[in-house]
Amino acid sequence: MSAWASRSFRYLLGSEATSLAGSAVSTVALAALAVLELRATTTEVALLAFAGQLPNVFALWAGAWSDRYDKRHQLLGSDLVAAGALVSVPAAAAAGVLTIGQLYAVLFLLGAARVVHDAAAISLLPALVTPHQLQDANSKIGAASSVADTAGSNAGAALVGSVGPAMSVLVDAVSFVLSAALLWRIRPAPPPVRPDSKRRSLVHDIAEGVRYVIGQRTIRTVIAALAVLSVGMAITNTYWALYLLVPA
């Protein structure tokens, strides 16, 4: 039986695709906003990229945290935080008080919300489908994510050209609200295992997970490849706005 048979999985799939499409829109819109309207310098654009990537430092803690507390609540909270941060951008732009400093804060909050969201979504999935459906479920999420990312990037470029970068950011805010609405309909996951006086510390659990990954050649290789790809994408995202948007 396909993972599609699980209603809760369909809600999670819809949530992931919706929020990712919106995020692709804001990736284009925020860069255009910084360069075209705030006249950001090369250094400021680089700092924007850095602010968005900085929360990845806490990914290990987010993964361990997601195993201890309600995953659906973590997903809902991260989506609503992201939506609130994004709404502040067009609001500040309309009031004429938007600054590059605010964009730093918004991108940091978006990065933090994404780290929490991704960790919780990955660990929630096995609770929504049976073990033999897990590969099919991951494949469907991967395919939907690819389509959503491409569609969102194209839509972002069209929106920036038609309504401007500040208003385009609202699309991402709406996408996170829709994502939260879908997540709300997921059946409650099994009660989380909460830490107590006898439970090992968070740091101990993180260290144990790192040792396991290091000991697994396949997982270690995949993570190394993804890390290199992430660095390359971060460098690309830092410079494309300047070289594509600033007139020669």
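The values are calculated or read from the model by the stated rules, or taken from the named source; none is laboratory data. Please read all numbers here as calculations on a predicted model, not as lab measurements. When we count neighbours, we look across all protein chains shown, and the Cβ atoms used for this are built from the backbone with ideal geometry, even at glycine. Note: areas computed on protein heavy atoms with side chains; ligands, DNA, RNA excluded. Shrake-Rupley method; radii C 1.70, N 1.55, O 1.52, S 1.80 Å.
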Scanning for something under 21 Å from Ser8 (Cβ atoms), open to solvent by 20 Å² or more (accessible area, probe 1.4 Å), touching a residue at least 24 places away in the same chain (Cβ under 8 Å) and touching a Lys or Arg at 6+ places or on another chain (Cβ under 6 Å), does segment 172-191 turn up at least one residue? yes
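Mind telling me which of the residues Leu33, Leu75, Leu107, Leu98 ends up being in contact with an Asp or Glu (Cβ under 9 Å, 6 or more places away or on another chain) and either basic (Lys, Arg) or at pLDDT 90 or above (or both)?
On the way: Leu33 fails: in contact with an Asp or Glu (Cβ under 9 Å, 6 or more places away or on another chain); Leu75 fails: in contact with an Asp or Glu (Cβ under 9 Å, 6 or more places away or on another chain); Leu107 fails: in contact with an Asp or Glu (Cβ under 9 Å, 6 or more places away or on another chain).
On inspection, the qualifying residue turns out to be Leu98.
Among Ala148, Ala158, Ala181, which is the only one that is closer than 21 Å to Gly111 by Cβ, of a type outside the set (Lys, Arg) and at pLDDT 85 or above?
Numbers: Ala158 fails: closer than 21 Å to Gly111 by Cβ; Ala181 fails: closer than 21 Å to Gly111 by Cβ.
Being closer than 21 Å to Gly111 by Cβ, of a type outside the set (Lys, Arg) and at pLDDT 85 or above holds for just one of Ala148, Ala158, Ala181, which is Ala148.
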Qualifying residue in segment 106-127 (condition: more than 30 Å from Ala40 (Cβ to Cβ), more than 18 Å from the chain's Cα centre (by Cα) and part of a helix (DSSP H, G or I)): yes
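Yes or no: segment 132-141 includes at least one residue that is within 16 Å of the chain's Cα centre (by Cα), touching a residue at least 24 places away in the same chain (Cβ under 8 Å), over 14 Å from Ser15 (Cα atoms) and surrounded by 14 or more Cβ atoms within 10 Å (Cβ to Cβ).
First pass over segment 132-141, keeping only residues within 16 Å of the chain's Cα centre (by Cα): 141.
Cutting the leftovers down to touching a residue at least 24 places away in the same chain (Cβ under 8 Å) gives us 141.
Within this subset, residues satisfying the condition of being over 14 Å from Ser15 (Cα atoms) are none.
No, segment 132-141 has no match at all.
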Could you pull out every one of the helices (runs of 4 or more DSSP H) wholly within segment 1-90 that has 3 or more residues that are buried (at least 19 other Cβ atoms within 10 Å of the Cβ) and of a type in the set (S, T, N, Q)? 7-32
